[in-house]
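Taken together, the values in this text are just the output of simple stated rules run on the coordinates, not laboratory data. Keep in mind it's a predicted model, so treat the numbers as computed, not measured. Cβ sites come from the backbone with ideal geometry, for glycine too, and all protein chains shown count toward neighbours.
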Amino acid sequence: MGFVLTIIVLMLAADLWWWYAADRAVRRAGLGRGYRITVGVTMGVTLLGLLLLIVARLIHMQAMIMPEIAVIVVFVWHFLILPIVVVPSLLAASIGKFVAMVRWAFTPHRPLAEPVEETGSAELRLDRRAFLTRVIVVAPPIATLALSGRSVHNLDSLIVRNDTVFLPSLPPALDGLRIAHVSDPHVGSFMSEEKYQRIIRMTNELDADLVLQTGDLINASLKDLPDGVQMLRQFRSKFGAYSCQGNHDCIDSRERFEADTTKADVGLLLDEVRTINVRGQRLNLLAPRWWGREETVIRWSVQQLAEKMPGAAFPILLAHHPHSFDTARECGIPLTLAGHTHGGQIALTQNIGFGPLMYRYWQGLYRRDASTLNVSAGMGNWFPLRLGMPCEIVHLTLRRA
């Protein structure tokens, strides 16, 4: 909580800093009141939007407190434009002024006659200053709106990622087994009805042997759980659909989520090892409850499941947090499926973005010794900002190495 509060305070401070700097630049450039009013309204609305989102989170408000596009603009400004463009620019300008002051202070000065400046030269400098000020003041809001528009499009994006996983311990009967790995639908605030239906249709079109869902069925509110349950019921595969629990599933009420999904009988595994028969071969599906993201808790949850594994069956771990992979590998589990990260939701490249900043494993396939992890970037969004990391359904084909 302390870290989150620090980030919020820094965001508010950066907002006020840019507001002051932009307003001062407009006044010094001699621009009209219209520019000052535009800066004031823009920052006033942005600050109000951030404060409304904070209040909504504190009082656990589940419904959208603002129009979706307004929420997206607030996120784009505070998570992209402000830290990547505005704050570095303000810091560079401040450092430049400080260096100039130091150089001036340590440079000998002699009184000189007041230089006579040509009127045309002064006017040219004023025009140049006015032009640069317009660019500096207008560019960040324009970039915010442009990226917000792009993000609106990306929220409903959905691709199929096809990957082949080579496993030395895979039984011959399971060679060629196809898994639809679906994760993090986050059914709720930021999912349209069209995308909801498209997830079901695209998953079923894969005609996979198994559908395995790795948590965060709902975004937060249990009022969306009936829709989440219907999604799981509509997934089609030859040998069934199974799920594990995610952290967002527990936000409203862990007890009610578990009771309602268990009653619905949609294949949710809670600290359970489920043995199923696939192509005449026994297969163990392991899935821990969501107990937390601490490394010690993750290790314990996987270890206690591994101790329950019946022998002579091929194991697959469904773990919401991808860091479960390290313990799974130590326990001899050859395949782990995970989600949770959303690939960071914002990425410049596969290896540059919020994903690699926050997680050891954030998206794609990872191989360690004889074990493999697949991390899905998720099908939904817990905040309305997707750039460079599209939503995905993962189609895995298992092969004997």
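Structure above, values below:
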{"item": "Check: the chain dipole with +1 on Lys, Arg Cβ and -1 on Asp, Glu Cβ, in debye", "result": "740 debye"}
{"item": "Restricting the stretch 173-266 to chymotrypsin sites (Phe, Trp or Tyr not before Pro) in coil, as DSSP defines it, with at most 16 other Cβ within 10 Å", "result": "F239"}
{"item": "Exposed GluC sites (Glu not before Pro) absent - longest run of the chain, DSSP non-H/G/I/E/B, at most 13 other C-beta within 10 Å", "result": "119-293"}
{"item": "Gained length - T349 relative to D271, 0.36 nm times residue gap less alpha-carbon distance", "result": "24.5 nm"}
{"item": "Added length on full extension, which subtracts the Cα-Cα distance from 0.36 nm per residue, R282 to A56", "result": "76.6 nm"}
{"item": "Per-selection metrics, the chain (Cα): Rg and Dmax in Å", "result": "26.8, 99"}
{"item": "Average Cα contact separation per residue, the stretch 159-400, under 8 Å, 6 or more apart, as relative contact order %", "result": "28 percent"}
{"item": "HN-Hα J in Hz across the stretch 274-281 - Karplus 6.51, -1.76, 1.60, θ = phi - 60°, x for Gly and Pro", "result": "9, 9, 10, 9, 10, 6, x, 10"}
{"item": "Distance between the stretch 318-366 and the stretch 242-296 - C-alpha centres, whole angstrom", "result": "19 Å"}
{"item": "Those lysines that a straight Cα-Cα span of less than 21 Å connects to K263, excepting residues fewer than 8 apart in one chain", "result": "K223"}
